[in-house]
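Beneath this line is the structure, given in C-alpha cells, with notes to follow.
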Amino acid sequence: MFYPVEVDLSDKSRVQQATVVLNPAESKRLLAKTVAGLPEIKNAYANGRLSVSTCSSSALILEELTGEKIPPHCYCIGMVADGMLTTSQKDDRTAARFFVKGERVEMDAWSFLDSFENGDAVIKGANAVDPFGNAGVLASNPQAGTVGALISLIGVRGLPIIMPVGLEKLVASVVEAANGWGQLTLSRSMGEKVWLYPVTSGLVVTEIQALGVLAGVKAKHVASGGIGGSEGAVILLLEGYEENIEKAWNILEGVKGEAPIPVPRHQFSC
C-alpha cells in the first residue's frame, strides 16, 4: 500500500497548480530526504532497531539519516546497469547497515531481523510499483534473498517495511507482472535470471507521497520520459495552497541537478 498522506485542499479558492519534472536521480534524492524524516524511521533509528537494506536508494537515505556517504553502487548487490540485469562486484560491496538506538551493529541479517519488535522498521528499495501500491523486487537469489527474509520475518509481524520507489518504475500491475514466469522458466536473460517478487504489505513512498509529506501538496503523475538526459523523467502536476506550492518548489529546486549514479564496474563489465 502507499504510505498514507493527507493533504488539505478544502478551500478550492486557494488552490494553485504547478508542473515539475524530476529525472530519476533527482527523484532518488527526494525520496531519500522523505524516508529519512518519516516518523517510523526516526523513531526506529533513535529508539529501536532499523535495517537499511542494500540498494542505491538506501545509500542516499543513509546519507540523509546519518551523514555517512557510501558510493551507491557499493551499497547494492542486484542492479540494472549498462542495459543488463547484473550484480555488483563482490570486492566493491559494503555491508548492509543495521542500527540499534542509533548505533551501528554488525550482525547476521536473519538474526537481526528476527529480533524485531514493535517500534522497529525496515527500509527496502524496489524495482517496480503499480497504481494500487504494490511493489516488486527483482530477485536473482533462488531463496529470494533480502526480500524473502523481510516478508518471512517482518511482514508477518506487521512491522513497517518502508519502500521508496520512483515513478519511473511504474508498471500496470505488479501482481500480473509477477505471474507466469520465474528464474527457471527463462531460456535467455540479458544478465542474471530473476523473478519479480511482489510485495503487497510494504509502505510505498513515491514522489507523490514524498511531496505530500514534505510540502503538503497533492501530486499527480501526468507524463513520463524525455531526451537529452531526461530519459526516465516523471512529470508531475502539483496542487496546493500558495505557501505549500512554494515549499514544494523550493524542495524540488534543492534536488534539481542531482548527478546520475555511476557504476564503474559490475559482474558483467567488459
Set Ala126, Ala149: member being under 25 Å from Leu184 (Cβ atoms), part of a loop (DSSP other than H, G, I, E, B) and among the small types (Gly, Ala, Ser):
Ala126
Is region 171-191 home to any residue that is within 30 Å of Arg93 (Cβ to Cβ) and assigned to a strand (DSSP E or B)?
yes
Residue under question is Ser51, and the condition is that it be assigned to a helix (DSSP H, G or I), in contact with a strand residue (DSSP E or B) (Cβ under 8 Å, 6 or more places away or on another chain), within 28 Å of Phe132 (Cβ to Cβ) and open to solvent by less than 60 Å² (accessible area, probe 1.4 Å); does it hold?
no
Which residue, of Lys28, Lys12, Lys69, is without any contact (Cβ under 8 Å) to a residue 60 or more places away in the chain, closer than 25 Å to Ala248 by Cβ and either crowded, with 16+ Cβ neighbours inside 10 Å or not aliphatic (A, V, I, L, M) (or both)?
Lys12
Considering residues of region 185-217 that are crowded, with 19+ Cβ neighbours inside 10 Å and among the charged types (D, E, K, R) only, the residue farthest from Ala36 (Cα to Cα):
Glu192
Only one of Gly240, Gly182, Gly257 is surrounded by fewer than 17 Cβ atoms within 10 Å (Cβ to Cβ), small (Gly, Ala, Ser) and out of contact with any Phe, Trp or Tyr (no Cβ under 7 Å at 6 or more places or on another chain), namely Gly257
Kindly evaluate Glu103 against the criterion of being among the charged types (D, E, K, R), without any contact (Cβ under 8 Å) to a residue 60 or more places away in the chain and either closer than 23 Å to Lys33 by Cα or surrounded by fewer than 21 Cβ atoms within 10 Å (Cβ to Cβ) (or both).
yes
Quick one: Asp91 ticks every box in (1) modelled with pLDDT of 95 or more; (2) open to solvent by 10 Å² or more (accessible area, probe 1.4 Å) bar one, so which box is it?
(1)
Among (1) surrounded by 15 or more Cβ atoms within 10 Å (Cβ to Cβ); (2) β-branched (Val, Ile, Thr); (3) not in a strand (DSSP E or B), there is one condition Ile227 misses while meeting the rest; what is its number?
(1)
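The values are calculated or read from the model by the stated rules, or taken from the named source; none is laboratory data. Treat the numbers as computed from the prediction; the structure is a model and nothing was measured. Note that we place each Cβ from the backbone using ideal geometry, even for glycine, and neighbour counts take in every protein chain shown. Surface accessibility is based on the protein's heavy atoms, side chains included, excluding ligands, DNA and RNA. Shrake-Rupley method; radii C 1.70, N 1.55, O 1.52, S 1.80 Å.
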